[in-house]
1. Please tell me if Ile60 is in a helix (DSSP H, G or I), exposed (fewer than 11 other Cβ atoms within 10 Å of the Cβ), at pLDDT 85 or above and under 56 Å from the mean Cα position of the chain (by Cα).
2. Tell me which residues, restricted to segment 97-118, are loosely packed, with under 10 Cβ neighbours inside 10 Å and on the phi < 0 side of the Ramachandran plot.
3. Scanning for something of a type in the set (Gly, Ala, Ser), within 30 Å of Leu127 (Cβ to Cβ) and surrounded by 10 or more Cβ atoms within 10 Å (Cβ to Cβ), does segment 69-88 turn up at least one residue?
4. Sort out which residues of segment 3-14 are at pLDDT below 75, out of contact with any Ser or Thr (no Cβ under 8 Å at 6 or more places or on another chain) and surrounded by 10 or more Cβ atoms within 10 Å (Cβ to Cβ), and write them in order of number.
5. What pairs come out if I take residues in segment 9-20 that are free of Cβ contacts under 8 Å to residues at least 40 places away in the same chain and pair them with residues that are assigned to a strand (DSSP E or B) whose C-beta lies under 7 Å away, six or more apart or interchain?
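The values are calculated or read from the model by the stated rules, or taken from the named source; none is laboratory data. The model shown is predicted, which means the values in this text are computed figures rather than measured ones. Here Cβ is always computed from backbone atoms with ideal geometry, including for glycine, and neighbour counts include all displayed protein chains.
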Amino acid sequence: MFSTMGKQLTKQDLFEVVNTIVNKSNQDLLEVISESFSELEGRMATKTDLLSLATKIDLIEQRMATKADLAALETRMVSKDYLDKKLSDLHGNLLETIRKEDAKLGSLASKLADHKVLPVKEVREILAMEPFAKLS
């Protein structure tokens, strides 16, 4: 038997003291764990948060182009050299058409002058106009 300050402790008394200490320690430990989990729960995502995130990801994926989309777009794009060549051809065709029209205008003005519908001075003014002025 154990004694403390003149009082005898029985095994039952000792068992109760140890049990009280263990229970108190367990309660303290449970409180610490409970507080830690509460704090952790506050920082964790909920099912609603995850569902909202999944919806946002789906919306982003719908707006993004895939590699196949980009490859298809790349095959339809023209190169700078191709575009320069086509613009140059168009410019040449436009100049050719304008020269033909200018020649027609010059021929008409000359014929009108020959038939004395227009005075020669006015024919010269017409022929002196842009885009291909003829000075005579």
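1. Judged against the criteria, Ile60 is a match.
2. The one that is loosely packed, with under 10 Cβ neighbours inside 10 Å and on the phi < 0 side of the Ramachandran plot: His115.
3. For segment 69-88, residues of a type in the set (Gly, Ala, Ser), within 30 Å of Leu127 (Cβ to Cβ) and surrounded by 10 or more Cβ atoms within 10 Å (Cβ to Cβ): present.
4. If the condition is that a residue be at pLDDT below 75, out of contact with any Ser or Thr (no Cβ under 8 Å at 6 or more places or on another chain) and surrounded by 10 or more Cβ atoms within 10 Å (Cβ to Cβ), then Asp13, Leu14 are the ones that fit.
5. Sorted first by the residue in segment 9-20, then by its partner, the pairs are Leu9/Phe2; Leu9/Ser3; Leu14/Phe2.
One line per residue, one yes/no per condition, for (1) farther than 30 Å from Glu130 by Cβ; (2) in contact with a Pro (Cβ under 9 Å, 6 or more places away or on another chain); (3) assigned to a helix (DSSP H, G or I):
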position: Asp28; (1), (2), (3): yes, no, yes
position: Glu35; (1), (2), (3): yes, no, yes
position: Glu74; (1), (2), (3): yes, no, yes
position: Leu87; (1), (2), (3): no, no, yes
position: Ile98; (1), (2), (3): no, yes, yes
